[in-house]
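Each reported figure results from applying straightforward, stated rules to the coordinates on display, with no laboratory input. Everything quoted here is computed from the prediction, not taken from an experiment. Cβ placement follows ideal geometry from the backbone for every residue including glycine, while neighbour counts extend to all protein chains displayed.
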Amino acid sequence: MKCCRHVSVDAVAVCRSCGRALCPECAGGEEKQPVTCGPECSRRAERDELVQELFGQHYAAYALSYKSLTIMFAALGAIVTVLGAGILLFLPWWFNEEIWPLLLALVALGLVCIAGAVLLRRIWKKYAAILRRLAELGAK
């Protein structure tokens with residue numbers, strides 16, 4: 001591969017922003033990191049790094065909130081389901097017939113919370129995968 005500006009010289013680097021091939025003279029030596037072909041590409045590379053950093057913070061905040069919501073929904077669902085089912089099992093059927101539909105609704109609400117926790121966990125895992133991918137891109 002040849003340099004984009006000096007077509008007779010072999011390229012030793014690639015512009016981080018636009019992907020053009022650069023010779024040692026155009027690359028600016030070892031001390032210039034990241035390698036860019038000019039001021040416009042340098043500004044664009046800095047902007048891209050800031051955007052990646054902001055997206056990383058954005059996704060990290062969402063992942064953390066979804067993780068805590070998952071834990072809260074699972075705990076609430078388990079407590080409500082066990083409470084409702086326990087009262088249903090140990091309450092004599094003749095005690096109060098009007099309370100049975102409420103207890104069944106309580107158990108159903110607990111099961112819905114547990115199902116919501118499963119769904120939130122899937123979303124949380126998706127955000128965690130996006131964060132890992134952003135970290136990989138940032139390391140390159």
Check your understanding: Kirkwood hydrodynamic radius for the chain: how many Å is it when counted over pairs of different Cα atoms?
Key -> 19.8 Å
Review point. Hey, what's the Cα Rg ratio for the stretch 1-41 versus the globular rule of thumb, 2.2 N^0.38 Å?
Key: 0.99
Exercise for review: Could you line up 100, 124 from fewest to most neighbouring Cβ atoms inside 10 Å?
Suggested key: 100, 124
Practice item. Using packing as a proxy for protection, rank 69-81, 40-52 so that the peptide with the highest average count of other Cβ atoms within 10 Å comes first. Key: 69-81, 40-52
